[in-house]
Ligand code: GDP
Ligand code: IMO
Ligand code: MG
């Protein structure tokens, strides 16, 4: 459900890759990357922006809040990071102020059924894309077209805002003026990124496609409707970047040694007790984007296996193993008991069953010692190694990296 430490994987791979491409989502994502003593939080920029030899790319599948984009660029530049290599797809969609407004008002109207979105306008921007009334980056360079598109998008929205939501109508000119203010600064970054990336692959360059969110937040494969509005799974990497599936060689999934979720929706291994609070405190599980406390629970091997399947995972990066060092016993979910008494070891077909699924646990003995200084697999205590090996057996793909702390060097390869 996100926040596994995905930002760290592109950072670790930094010197092996030439391009790092965000392919889905927008500034609902929040990746924290720790380099030496410096901590960076990026929401929209690809994590590769922190590696000087990597060209960061925002792909066509991303929705861009331009104020956030330039805010993030300015923040990194002030901290001495060179962002001048950034390339933005001409086909990416733009999040306008009305998308943020509708996201927030829509959630309020859902009441108890709300999704708990980040309020960043993500869903409404993707809705407009699918409804073919979206505004794309390239539209900013044709004022006449931009005005037409914003007008068309606002026509039904203003009816909704005024008549249903009891809000003020939004003025087309104000939106157009705001968007045009970014156009000049944006223009030099904009390219046909599908062409750029395919040419790079033809030359033998290595391209990393970086997801925001997670498998269970994917609009097709996640816990719908408690999901985000894009394809965060591996298939989305192709459509969101303009690279064909035949060119993908490896699918790396980042998974946490326990589970967290922000926002509403089912979560079978959620702990609403002292252990949940302990995971939250030790794991510092508070949202990078909204600051909300994350819901915490044990590792769910059914979900890991499901993720391995729908993404065609070649290998897993297991993060935050160090957070489990303080537990005597560590349960792992190996199946679900459904209300009719049956036990299954795959994701149930329906949401109703998933909502009522009770975890079946297998328990593993803890190791109760600090592992944050470990640098090789063999440095780990025996029980930690056994825990990892058991998870690997259950999760459907080999583990290639184990994280024992937030820093770059706290990774066992
Ligand atoms: P993302 O959204 O998947 O990129 O993850 P977030 O950045 O939202 O949350 C992951 C957090 O875990 C960040 O604060 C990382 O610095 C931190 N982190 C990553 N790997 C490890 C690890 O192996 N151990 C610990 N303790 N923290 C980690
Ligand atoms: P990273 O990339 C965790 C969740 C929100 C909400 C749902 C829909 O840091 O892992 P949205 O604003 O996308 O319409 O909200 O999705 N969500 C995330 N949860 N990590 C994320 O990103 C998330 N991006 C969206 O909390 O439940
Ligand atoms: Mg995050």
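Quick note: the coordinates plus some simple rules give every number you see, no bench work behind them. Quick caveat: nothing in here was measured; it's all calculated off a predicted structure. Glycine gets a Cβ as well: all are built from the backbone with ideal geometry, and neighbour counts include every protein chain shown.
Sort largest first and round to whole Å: the equivalent ellipsoid semi-axes of the stretch 335-376, each the square root of five times a Cα gyration tensor eigenvalue. Don't jump to the answer; show the numbers that get you there.
Working: eigenvalues 234, 29, 13 Å².
For the stretch 335-376, the ellipsoid semi-axes come out as 34, 12, 8 Å.
Three semi-axes describe the equivalent ellipsoid of the stretch 12-151; taken as square roots of 5 times the Cα gyration tensor eigenvalues and ordered largest first, they are 28, 19, 12 Å.
Looking at the stretch 186-316, I'd like the Rg to Rh ratio, where Rg is from alpha-carbon atoms and Rh is Kirkwood's inverse mean 1/r. Could you put the intermediate results ahead of the total?
On the way: Rg = 17.4 Å, Rh = 16.7 Å.
Ratio of gyration radius to Kirkwood radius: 1.04.
Just from its helices, what would the mean residue ellipticity at 222 nm be for the chain, if runs of 4 or more DSSP H residues each count -39500 (n - 2.57) and the sum is divided by every residue, rounded to the nearest 500 deg cm²/dmol?
On the way: 12 runs with 128 residues, N = 413.
Calculated at 222 nm, the ellipticity per residue is -9500 deg cm²/dmol.
Enclosing the Cα atoms of the stretch 172-249 in their convex hull gives a volume equal to 136 cubic angstrom per residue. Across all Cα atoms of the chain, the radius of gyration (one decimal) and Dmax (whole number) stand at 21.7, 67 Å.
Give me D for the stretch 274-347 in µm² s⁻¹, whole number, from Stokes-Einstein with Rh from the Kirkwood sum over alpha-carbon pairs, 20 °C and 1.002 mPa s. Kindly include the intermediate steps, with their values, before the conclusion.
Working: Rh = 14.5 Å.
Once the numbers are plugged in, D ends up at 148 µm²/s.
Can you give the relative contact order of the chain as a percent, counting alpha carbon pairs under 8 Å and 6+ residues apart?
On the way: 835 pairs, mean separation 66.9, N = 413.
Value for the chain: 16 percent.
Nearest 5 percent is fine: what portion of the DSSP beta bridges confined to the chain is antiparallel?
Working: 23 of 48 bridges.
Of the beta bridges lying entirely in the chain, close to 50 percent run antiparallel.
Fully extending the segment from residue 350 to residue 393 would add 12.9 nm, taking 0.36 nm per residue of separation and subtracting the current Cα-Cα distance. Would you mind classifying the stretch 79-235 by shape? Square roots of the alpha carbon gyration tensor eigenvalues, ordered a ≥ b ≥ c; an a/c under 1.5 is rounded, otherwise it is prolate if a/b is larger than b/c and oblate if not. Oblate. Sorting 39-51, 275-287, 153-165, 322-334 by average packing, meaning the other beta carbons within 10 Å per residue, from highest down gives 39-51, 322-334, 275-287, 153-165. In the stretch 53-117, the alpha-carbon atoms span a convex hull of 118 Å³ per residue. Which shape class, rounded, prolate or oblate, goes with the stretch 2-92 when its Cα gyration tensor gives a ≥ b ≥ c as root eigenvalues, a/c under 1.5 marks rounded, and past that a/b bigger than b/c marks prolate? Rounded, because the longest to shortest axis ratio a/c is under 1.5. Model label sites at residue 169 and residue 407, defined 7 Å from Cα along the beta-carbon direction, differ in position by 6.0 nm. Where does helix 66-78 land angle-wise versus the long Cα axis of the chain, in degrees 0 to 90, nearest 10? Once rounded, the angle reads 60 degrees. Against the main long axis of the alpha-carbon atoms of the chain, helix 301-311 sits at an angle near 40°. Determine the shape class of the stretch 71-149: with a ≥ b ≥ c the square roots of the Cα gyration tensor eigenvalues, call it rounded for a/c under 1.5, and otherwise prolate if a/b is greater than b/c, oblate otherwise. Oblate, because a/c is 1.5 or more while a/b does not exceed b/c. Against the main long axis of the alpha-carbon atoms of the chain, helix 193-202 sits at an angle near 50°.
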